[in-house]
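The values are calculated or read from the model by the stated rules, or taken from the named source; none is laboratory data. What you see is a predicted model; the values in this text were computed from it and never measured. Every residue, glycine as well, gets a Cβ built from its backbone with ideal geometry; the counts of neighbours run over all protein chains shown.
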Amino acid sequence: MSGHEDTYTPRSSFEKWMDQRLPVMRLMHGQFVDFPTPRNLNYLWTFGGILTFCLAVQLLTGIVLAMQYVPSATEAFDSVERIRRDVNYGWLIRSIHAVGASMFFLACYIHIFRGLYYGSYKAPREVLWILGVLIYLVMMATAFLGYTLPWGQMSFWGATVITNFFSAIPVVGETVVVWLWGGYSVTGVTLNRFFSLHYLLPFVITGLVVLHIWALHVSGQNNPTGLDVKTKSDTVPMSPFAVMKDVFAMAVFTMLFAWFVFFAPDYLGHADNYVEANPLVTPPHIVPEWYFLPFYAILRAVPDKLGGVVLMISAVAILAFAPWLDTSRVRSTKYRPIYRWFFWLFLITCLALGYLGAKPAEGVYVMWARIFTFYYFAHFLLVMPIVGIIETPSSMPRSISEAVLGKGGGMGSTAAAATAPEKR
């Protein structure tokens, strides 16, 4: 896929001089202009570009905010308020950064579910998928650390409760907690450590994203049919076709982003986090940000502290094993009539866990959290392996061109598309 024809031609004497010494422009042109993309990509494939945009926004706004933020237990809360009230355009930068975290995770979840639906984790894209899971893990760590920085009530108690769960790890648990806290309780030392890590990890994410894009351009993009590219007619150049689709989708996404920034910047936060942290007053109900709620529900579904931590970590880690747990012969759920129903049930399960994570860990909420937690893991450990073996896929087109243009499109053949799909 990466061995496509290069059409880059230096236009100026400087470009010719640079191309002979450090062909960066040739590399960029080959990978982001000439790069062949499947001609049937839909708008769900634009979220990779949207995620890159979100990462850039978070990096830029975060660097500016770090210039004004004071990582001290006595000054952190006031410094955040000062940024919003006294720093020129501080209210805008802070709102973009806070809302940007939610938009980042929204785009990430759509990107993940698109990959699960269309089988983008299957060979030859296993490394690409695993890198994506690693990016997601580091995103979660970065977001958690960032949530503690305003040093409000929910920040303080969220940091206390979540880090306390690490103490359940045998042998090293207590040592890990003391290292995270910088002492024997959450204090300003803890805040300073979290600020340092929160500033560092986005650059780790950037490095992983570079590897992710590299792996994508080696193995090539998946597409809604899940078929491999067979002929040149199956693809179109990335620019202008895919690029213009990305630009349009990004503009629509930015409108949603801007609506929250300008009209409801605090809507996605918790009211208790606008009260300064007080170690002597516990909030009535401690909840994380919305994008952590499904995993928070899984954590609380198990009465055992260690078991809850193990399940919560496993809920993310199991995603990395999807390429080997799924035994189906085809990639796209579009051609899998039985598995399609289980996929939508899995989506409903994740939404239900998010709802339950926001509720108190008592009564019927705990019962339902356990039921949905069971199905979450059963989807990967039972449904994917078993359904993949017993299911008979629907008829598939012979090529990407045929899927777009009908029989004969691109392949020059009217052979029946209803033949059993090849193993992919």
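Just one residue in the set V218, V209 is among the β-branched types (V, I, T) and surrounded by fewer than 17 Cβ atoms within 10 Å (Cβ to Cβ); that residue is V218. When P288, P279 are screened for being out of contact with any strand residue (DSSP E or B) (no Cβ under 6 Å at 6 or more places or on another chain), more than 28 Å from A369 (Cα to Cα) and modelled with pLDDT under 95, only P279 passes. Here E81 passes the criteria (1) closer than 20 Å to A143 by Cα; (2) in contact (Cβ under 8 Å) with a residue 12 or more places away in the chain; (3) surrounded by fewer than 16 Cβ atoms within 10 Å (Cβ to Cβ) except the one numbered (2).
Among the residues of the stretch 1-43, none is identified as in a helix (DSSP H, G or I) and touching a Gly at 6+ places or on another chain (Cβ under 6 Å).
Please verify whether the stretch 171-184 includes one or more residues that are surrounded by fewer than 22 Cβ atoms within 10 Å (Cβ to Cβ) and in contact (Cβ under 8 Å) with a residue 24 or more places away in the chain. No, the stretch 171-184 has no match at all. Against the conditions (1) under 21 Å from R125 (Cβ atoms); (2) more than 21 Å from the chain's Cα centre (by Cα); (3) surrounded by fewer than 18 Cβ atoms within 10 Å (Cβ to Cβ), P393 satisfies every one except (3).
Pick from T175, T163, T225: which is of a type in the set (V, I, T), touching a helix residue (DSSP H, G or I) at 6+ places or on another chain (Cβ under 9 Å), on the phi < 0 side of the Ramachandran plot and not in a loop (DSSP other than H, G, I, E, B)? The conditions single out T163.
All conditions in (1) of a type outside the set (V, I, T); (2) over 25 Å from L131 (Cα atoms); (3) part of a helix (DSSP H, G or I) hold for H285, with the sole exception of (3). For the stretch 44-100, a residue qualifies if it is of a type in the set (F, W, Y) and assigned to a helix (DSSP H, G or I), and the qualifying residues are W45, F47, F53, F77, W91. With the condition kept exactly as written, say whether any residue in the stretch 374-383 is among the β-branched types (V, I, T), assigned to a helix (DSSP H, G or I), outside the structural domain of Y109 (by TED's automatic domain parsing) and within 27 Å of G119 (Cα to Cα). Looking through the stretch 374-383, at least one residue is among the β-branched types (V, I, T), assigned to a helix (DSSP H, G or I), outside the structural domain of Y109 (by TED's automatic domain parsing) and within 27 Å of G119 (Cα to Cα). Candidates are the residues of the stretch 295-311 that are part of a helix (DSSP H, G or I) and without any contact (Cβ under 8 Å) to a residue 24 or more places away in the chain; the one that is surrounded by the most Cβ atoms within 10 Å (Cβ to Cβ) is V310.
Condition check ((1) assigned by TED's automatic domain parsing to the domain that holds F32; (2) over 30 Å from V218 (Cα atoms); (3) in contact (Cβ under 8 Å) with a residue 12 or more places away in the chain) across all residues:
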| residue | (1), (2), (3) |
| --- | --- |
| S233 | yes, no, yes |
| M238 | yes, no, yes |
| M250 | yes, no, yes |
| V261 | yes, yes, yes |
| L280 | yes, yes, no |
